[in-house]
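The values are calculated or read from the model by the stated rules, or taken from the named source; none is laboratory data. What you are looking at is a predicted structure, and each value in this text was computed from that prediction instead of being measured. Cβ placement follows ideal geometry from the backbone for every residue including glycine, while neighbour counts extend to all protein chains displayed. These accessible areas exclude ligands, DNA and RNA; they are computed on the full protein's heavy atoms, side chains included. Shrake-Rupley method; radii C 1.70, N 1.55, O 1.52, S 1.80 Å.
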Amino acid sequence: MQGRVWTIPNVLSMIRLILVPVFLYLLLVAHHYGPAVAILMFSGVSDWADGKIARLVANQSSRLGELLDPLVDRIYMVAVPVGLALAGVVPWWLVASLLGRDVLLAATLPAVRSRGVTALPVTYIGKAATFALMSGFPLILLGQWDSGWSRAVGACGWAFVIWGTGMYLWSAVLYLLQARLVVRELPRLR
């Protein structure tokens, strides 16, 4: 049933989408970091759960889900680091490197699509990078309190984010190599 809208994975993705402005409000306006971290944690768990449910439960995958889930992931990958930079929690160079990677890859889409390829295959390293980043950002936010446990959690968060950023940038190299191969090997559609 590819035309279904109200599936559990789609509802989870819609909730995640609705929570983006709530997260930004809590972070930037109300300065309530605890609830903001809770939203990030819920979003991470629900992102994992919606994929599992769509793959394992009958009648839960849909075309809308195939489009909505990665869209919401991209929105989080922009909103979270930008929000954290605006709050002074992470440096802007980190945000620029993450967003620059995505802009660079988006620039390859017209050439790839002109060969009839709608999307490049997702790589394991890209998934691992996103997991590390989305795990690290809430930990960095938890590290903002002035206590020993908070500093330790924040240091773990930075370890995840540094490792995740490295993998995120390396996955861009792999995607660029895939795009180059598609452009070189497949003829342009007319």
Revision key, fill the gap. With the 1.4 Å probe rolled over protein heavy atoms, the chain has an accessible area per residue in Å² of 56
Exercise for review: Express the relative contact order of the chain as a whole percentage, based on alpha carbon pairs under 8 Å and six or more residues apart in sequence.
Suggested key: 22
**Study point:** Under Karplus coefficients 6.51, -1.76 and 1.60, residue-wise ³J(HN,Hα) of the stretch 20-29 in Hz, glycine/proline x
**Key:** 4, x, 5, 4, 4, 4, 4, 6, 9, 9
Check your understanding: Can you work out ³J(HN,Hα) from phi for every residue in the stretch 106-117, in order, using Karplus 6.51 cos²θ - 1.76 cosθ + 1.60 and θ = phi - 60°, giving whole Hz and x for Gly and Pro?
Key -> 5, 5, 7, 4, x, 5, 5, 5, 5, 9, x, 9
Practice item. Place +1 on the Cβ of every Lys and Arg and -1 on the Cβ of every Asp and Glu in the chain, take the dipole about the Cα centre, and give the residue among Leu105, Ile140, Ala30 whose Cα lies farthest towards its positive end. Key: Leu105
**Study point:** Distant-in-sequence amide H partners of Trp145 (H built 1.01 Å from N, under 5 Å)
**Key:** none
Exercise for review: Treating only the Cβ atoms of Lys and Arg (+1) and Asp and Glu (-1) as charged, compute the dipole magnitude of the stretch 59-176 about its Cα centre; round to the nearest 20 debye.
Suggested key: 280
Practice item. Normalise the Debye intensity by I(0) for the stretch 4-97, one equal point scatterer per Cα, no solvent, then take log10 at q = 0.12, 0.15, 0.16, 0.20 Å⁻¹ and round to two decimals. Key: -0.41, -0.60, -0.67, -0.91
Check your understanding: With labels modelled as points extended 7 Å from the Cα through the Cβ direction, what inter-label distance (nm, one decimal) is found for Val57 paired with Phe42?
Key -> 1.8
Revision key, fill the gap. So the carbon and sulfur contribution to the accessible area of the chain, 1.4 Å probe, in percent, is 72
Practice item. Could you run the Karplus curve 6.51 cos²θ - 1.76 cosθ + 1.60 with θ = phi - 60° over the stretch 184-189 and give me ³J(HN,Hα) per residue in whole Hz, x for Gly and Pro? Key: 6, 9, 9, x, 5, 6
Practice item. Give me the net charge of Val182's neighbourhood, meaning all other residues with Cβ under 12 Å from the Cβ of Val182; Lys, Arg count +1, Asp, Glu -1. Key: +4
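For the stretch 77-190, what does the relative contact order come out to in percent, with C-alpha contacts under 8 Å and a separation of six or more?
Rounded, it is 31 percent for the stretch 77-190.
Given the -39500 (n - 2.57) contribution per DSSP H run of 4+ residues, what per-residue ellipticity at 222 nm results for the chain, rounded to the nearest 500 deg cm²/dmol? Show your work: numbers first, answer last.
On the way: 6 runs with 144 residues, N = 190.
Mean residue ellipticity, 222 nm, calculated: -26500 deg cm²/dmol.
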Review point. Looking at the chain, what % of the alpha carbon pairs are farther apart than 23 Å?
Key: 49
